[in-house]
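Worksheet: one structure, shown below.
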Amino acid sequence: MPENSTSENPIESLTASVPHWGTRMAFGESITVGGQEIVPAALVMFGFGGGGGSGRWPEKDAGPDGQGEGSGGGGGGYILPVGAYVRGPDGLKFRPNAVAMIIVSVPLVSALGWAVARIISAANGGRARN
């Protein structure tokens, strides 16, 4: 693409702007409530993908010549508000969002419980206790 081109590649434009989206979404605009400055914080995840293809099947005995073309793309994101940074008389403190912390901790606690059960089972020689 020529350097002085006015049209920009959409993929390059998207990938160039994602870091700005993430920062803006992870840390929101600060607001003042009750004399305390609050900056919301979130866990931000993005995913993008794309693909394309073409083909031709040379086996003419199986039917008409196959031809194909294809392309596609997509993306998505997820934002989980994890809490806020609050500046007050005691300085800057992080205040977690209790609901978000429970949602995040459930898979971790489940994995930990599964791991502990496997360790106990291995320590017992793989025998189940009755």
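Here residue 100 fulfils each of the conditions (1) part of a strand (DSSP E or B); (2) at pLDDT 80 or above; (3) of a type in the set (Gly, Ala, Ser) apart from (1).
Residue-level check: of (1) acidic (Asp, Glu); (2) at pLDDT 80 or above; (3) not assigned by TED's automatic domain parsing to the domain that holds residue 26, residue 90 misses just (3). When every residue of region 50-72 is checked against the conditions, at least one turns out to be within 19 Å of the chain's Cα centre (by Cα), on the phi < 0 side of the Ramachandran plot, part of a strand (DSSP E or B) and at pLDDT below 85.
The values are calculated or read from the model by the stated rules, or taken from the named source; none is laboratory data. These figures come from a predicted structure and were not determined experimentally.
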